[in-house]
């Protein structure tokens, strides 16, 4: 979930077909040079009774999706924020549910949830590591939610579990699912092999996306409107770690190894836009440093780092090529949300008014609106947020008129969120199947 111990990501391939799509058209989405950084107005999004929330995606309608804890912070539910209202999406009969990356604008939301059925093999597919209750030993199924109805997405034949990560504007859902093969590369409690899959667009459809030759397992993390998906492949390894030996893009069901940063031990594709650009992450050869990268037409670009924060983790990419994520110090303690555009990575906290700290950025839409996790500097609670750029399109919005004061980097560099917030971020990384070292 963005259960920050590790998860998912992205691949992108230029396609003329994208030009014909009515949503997120590419032709008008070329980035415009800016003479100065854009300021942002930040909206803190309400919770579901608990003290923690995470926003992982924002579409072009401004719908924000993610998850929030219920009263007591023992459980977490998939959550939708739209038009000033919050909606608890519920579960599939179990305790917890979650939404990761979604760019769909048809009202469909993909995610995964625990069921009321115990896993017959004792697996912990909704993540073996504790994350607000996601350690109940229940079977886990992907879902597609629309108009108040959460429909389960089945595993492959013989499997018990599945997870859905993203849904495009054609109704195709990408994720991964178990089959009935007992995999010797699995680490207990995982037993069965899992494969990247696409469900839909028709009801009941499921297509297996094969890993790279020589790999046994894999994840699907994101899918664009052209049907191109990205993720990773490797071995089972308890649904993590070596599961992401190689970053992959699937086009027409065929996998392509898109590499990653030179000498990387592990690489994963996290997000893909309609221009075929892939946002990814690699674990470097020191087995300790993570860097975000952009793949385009066979070329991988390291996004760089923020001063004093050598670890960078990807969040999302829009059709303009703007990227968001978060960067941390070497101890993974001091983290800050960033935006990367025109080759420059900027700490988002230098572009917002005082009183709140943007710790993690999960996604950015084509209007430049950013969703993620914010820390209240008075209560030190963590909340989902939506940051709105004070550009020409948003200049008349509340919070943009007159221009809020912008913080200097020196004033935000020492903010240390409480350990509960930091652990939330680490767990979310793991839940998204981001790569990690042991």
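The values are calculated or read from the model by the stated rules, or taken from the named source; none is laboratory data. These numbers were taken from a predicted model, which means no experiment stands behind them. Neighbour counts are summed over all protein chains in view; Cβ atoms, including those assigned to glycine, are modelled from backbone coordinates with ideal geometry.
Here is a list: 288, 327, 337. Which entry is in contact (Cβ under 8 Å) with a residue 12 or more places away in the chain, under 29 Å from residue 419 (Cα atoms) and surrounded by fewer than 17 Cβ atoms within 10 Å (Cβ to Cβ)? Steps first, please.
Values: 327 fails: surrounded by fewer than 17 Cβ atoms within 10 Å (Cβ to Cβ); 337 fails: surrounded by fewer than 17 Cβ atoms within 10 Å (Cβ to Cβ).
It is 288.
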Of all residues in segment 391-415 being surrounded by 14 or more Cβ atoms within 10 Å (Cβ to Cβ) and in contact with a helix residue (DSSP H, G or I) (Cβ under 9 Å, 6 or more places away or on another chain), the one that is modelled with the highest pLDDT: 415
Some residue of segment 349-359 being in contact with a strand residue (DSSP E or B) (Cβ under 9 Å, 6 or more places away or on another chain), free of Cβ contacts under 8 Å to residues at least 40 places away in the same chain and on the phi > 0 side of the Ramachandran plot: yes
Segment 360-383, residues that are under 19 Å from residue 37 (Cα atoms) and either part of a loop (DSSP other than H, G, I, E, B) or without any contact (Cβ under 8 Å) to a residue 40 or more places away in the chain (or both): 365, 366, 367, 368, 369
Per-region count, segment 240-274, residues in a loop (DSSP other than H, G, I, E, B) and more than 19 Å from the chain's Cα centre (by Cα): 7
Qualifying residue in segment 144-151 (condition: modelled with pLDDT of 95 or more, under 18 Å from the mean Cα position of the chain (by Cα) and surrounded by fewer than 24 Cβ atoms within 10 Å (Cβ to Cβ)): yes
Among (1) out of contact with any helix residue (DSSP H, G or I) (no Cβ under 7 Å at 6 or more places or on another chain); (2) modelled with pLDDT under 95 - the single one residue 240 does not satisfy: (1)
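Assess whether residue 53 counts as being in a strand (DSSP E or B), in contact (Cβ under 8 Å) with a residue 60 or more places away in the chain and farther than 30 Å from residue 227 by Cα.
Values: in a strand (DSSP E or B): yes; in contact (Cβ under 8 Å) with a residue 60 or more places away in the chain: yes; farther than 30 Å from residue 227 by Cα: yes.
Considered against the rule, which asks whether it is in a strand (DSSP E or B), in contact (Cβ under 8 Å) with a residue 60 or more places away in the chain and farther than 30 Å from residue 227 by Cα, residue 53 comes out as yes.
Among the listed residues 333, 350, which satisfies the condition of being part of a loop (DSSP other than H, G, I, E, B), farther than 29 Å from residue 228 by Cα and in contact with a helix residue (DSSP H, G or I) (Cβ under 9 Å, 6 or more places away or on another chain)?
On the way: 350 fails: part of a loop (DSSP other than H, G, I, E, B).
The conditions single out 333.
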Cβ-Cβ under 8 Å pairs, at least 6 apart or on other chains, segment 302-315 side on the phi < 0 side of the Ramachandran plot and free of Cβ contacts under 8 Å to residues at least 60 places away in the same chain, far side exposed (fewer than 15 other Cβ atoms within 10 Å of the Cβ) and part of a loop (DSSP other than H, G, I, E, B): 310/330; 311/330
Failed item in (1) surrounded by fewer than 24 Cβ atoms within 10 Å (Cβ to Cβ); (2) part of a loop (DSSP other than H, G, I, E, B), with residue 319 passing the rest: (1)
Filter pass, residue 49 being surrounded by fewer than 20 Cβ atoms within 10 Å (Cβ to Cβ) and under 17 Å from residue 385 (Cα atoms): yes
Strands (runs of 3 or more DSSP E) contained in segment 91-204 and holding at least 2 residues touching a helix residue (DSSP H, G or I) at 6+ places or on another chain (Cβ under 8 Å) and at negative phi: none
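Which is closer than 21 Å to residue 252 by Cα and free of Cβ contacts under 8 Å to residues at least 24 places away in the same chain, of 204, 175? Before the answer, list the steps.
On the way: 175 fails: free of Cβ contacts under 8 Å to residues at least 24 places away in the same chain.
When all the criteria are applied, what remains is 204.
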